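Trainee: Before I ask anything, let me first share the structure, which is written out below as structure tokens.
The values are calculated or read from the model by the stated rules, or taken from the named source; none is laboratory data. Computed from a predicted model, the values in this text were never measured in an experiment. Quick reminder, even Gly has a Cβ in these numbers, built from the backbone with ideal geometry, and neighbours come from all protein chains shown. SASA here: full protein model, heavy atoms, side chains in, ligands and nucleic acids out. Shrake-Rupley method; radii C 1.70, N 1.55, O 1.52, S 1.80 Å.
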Amino acid sequence: MSDDGERAPEDGRPLRVAVVGAGPAGIYTAETLTRRAPVPVTVDLIDRLPTPFGLVRHGIAPDHPKMRAIRDTLHRALDDPGVRFVGNVDVGTDIGLDELRAHVDAVVYTYGAALDRPLSIDGEDLPGSLAATDLVAWYCGHPDADRGKVEAALAGVRRAVVVGVGNVALDVARVLARAPQELEPTDMPQHVLDVLAATPVEEVTVLGRRGPAHASFTTMELRELDGLDQATVLIDPADLELTPAAEERVAADRNASRNLAVLREWAGHRPEPGRVRLGLRFYRRPVRLIGDDRVTGVEVERTTVDDDGRATGTGEYEVLPADLVVRSVGYRGQGLPGLPVDTGAGTVPNEEGRVLRGGVPSTGEYVAGWIKRGPSGVVGTNKHDARETVASLLADAEAGVIAPHGDRDDLVDTLRARGAEPVLLEDWRAIDAAEVALGATRGRARTTLHEREALLAAARAAAAGQAAGR
């Protein structure tokens with residue numbers, strides 16, 4: 001594929017840094033390193049996918065054009081001559097961790113937290129039970145999405161239950177409740193649009209085990225539920241009655257206060273014939289999924305929340321009919337081969353971004369983003385997080401803990417020599433152009449290419465065209 005041109009080292013060779021993960025955390029890390037470092041720095045921004053942007057491309061729902069436009073901002077960092085995007089490279093498979101560390105002077109791990117947290121209840125493994133990570137990957141066109149599993153789960157669904165009250169849970173509920181004509185202009189792959197258009201959803205219920213004072217979704221995300229063409233948001237007014245402790249929490253938390261105000265606006269809504277019933281139900285937790293060959297219902301228990309925010313069961317149960325159950329109760333990270341991870345927290349042990357091995361900082365290893373702090377915050381949260389990590393890295397460089405160590409083989413040359421097919425920035429631009437062209441055939445701004453081979457084919461075709469024109 002194309003070569004962006006190797007960067008000529010300056011006298012004394014720049015500090016070489018590899019950033020593993022080209023999502024927001026990785027891009028903000030690369031940007032901060034190249035723009036704020038008092039010494040010359042070059043960054044290889046490595047991702048196992050052929051495309052950059054991480055969850056901005058494959059996690060934010062495609063009906064969020066303003067949020068997904070963040071990638072236009074992120075793209076500017078990729079144009080920095082000190083940053084080289086190196087996609088389609090799986091650290092741990094295409095190159096070992098120790099070998100990567102030998103190519104560069106420092107490594108920053110920013111590859112996120114991709115695993116879902118299970119409910120750990122009976123029936124969770126039934127067909128029709130999905131992790132939000134599976135459904136989101138599918139409708140965002142992630143190359144690793146399990147189409148067969150997701151599309152079988154969606155077949156014939158009329159009633160869906162989404163467990164969780166974070167932004168991802170609301171994304172899932174909104175996508176399921178949208179009318180086909182609302183999704184048609186998005187960049188979803190065509191097969192996703194076809195399946196969703198054929199899914200006759202009549203009811204979507206979002207469950208939260210605690211009350212609205214403890215919900216983690218943002219007000220902007222919440223408000224979008226009430227603007228759907230063919231759905232009515234339904235709230236039980238009793239769920240909005242707060243204890244004194246919850247009232248104090250709302251008074252001290254601006255987001256919780258705004259959320260509660262929005263929910264109270266909707267408390268008077270009533271079901272409307274022909275419209276999807278989109279219900280938010282608080283103080284309820286699933287205790288088992290019901291069904292034989294697939295999910296047919298969810299048994300839920302009413303809860304009460306104490307002054308410390310802990311939810312406990314009351315012994316009052318009910319069964320909600322459901323053809324589909326999507327769990328969205330958190331993410332957790334996993335380690336790369338050779339990288340320590342706290343399995344309970346799902347994060348890499350660290351101190352101000354310095355990776356800890358055996359409780360001691362590991363020279364030249366750093367971490368940022370969700371794999372550093374856990375799955376919290378919004379996209380912009382990664383900016384501050386990256387700055388802290390970069391500050392630690394640069395402090396170590398200034399102290400001589402890390403420093404350029406002679407000439408080293410170029411990473412991309414090494415990968416190509418062993419048969420890997422790294423995707424560089426010009427290759428990504430060809431993929432981007434191919435998606436825009438595909439979208440134009442259906443009157444859209446773009447249509448996501450969802451198969452890895454299709455992504456690589458777009459890059460190869462562009463590279464072949466450039467070669468023929470030389």
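Trainee: Among the residues in segment 260-277, are any out of contact with any helix residue (DSSP H, G or I) (no Cβ under 9 Å at 6 or more places or on another chain), under 29 Å from Gly374 (Cβ atoms) and not basic (Lys, Arg)?
Mentor: So far as segment 260-277 goes, no, none of its residues is out of contact with any helix residue (DSSP H, G or I) (no Cβ under 9 Å at 6 or more places or on another chain), under 29 Å from Gly374 (Cβ atoms) and not basic (Lys, Arg).
Trainee: Within segment 38-53, can you find the residues that are outside any loop (DSSP other than H, G, I, E, B) and closer than 15 Å to Leu411 by Cα?
Mentor: Hits for segment 38-53 are Thr42, Val43, Asp44, Leu45, Ile46.
Trainee: Among the residues of segment 415-431, write down those that are open to solvent by less than 40 Å² (accessible area, probe 1.4 Å) and more than 11 Å from Val86 (Cβ to Cβ).
Mentor: Ala430, Ile431
Trainee: Return the residues of segment 344-380 that are open to solvent by 50 Å² or more (accessible area, probe 1.4 Å), at pLDDT below 95 and β-branched (Val, Ile, Thr); say none if nothing qualifies.
Mentor: Across segment 344-380, the qualifying residue is only Val378.
Trainee: Just to be sure before I move on: is Leu260 part of a strand (DSSP E or B), among the hydrophobic types (A, V, I, L, M, F, W, C) and open to solvent by less than 70 Å² (accessible area, probe 1.4 Å) in the structure I sent?
Mentor: No.
Trainee: Of all the residues that make up segment 172-198, how many are more than 20 Å from Arg446 (Cα to Cα) and either at pLDDT below 95 or open to solvent by less than 20 Å² (accessible area, probe 1.4 Å) (or both)?
Mentor: Total meeting the criteria: 5.
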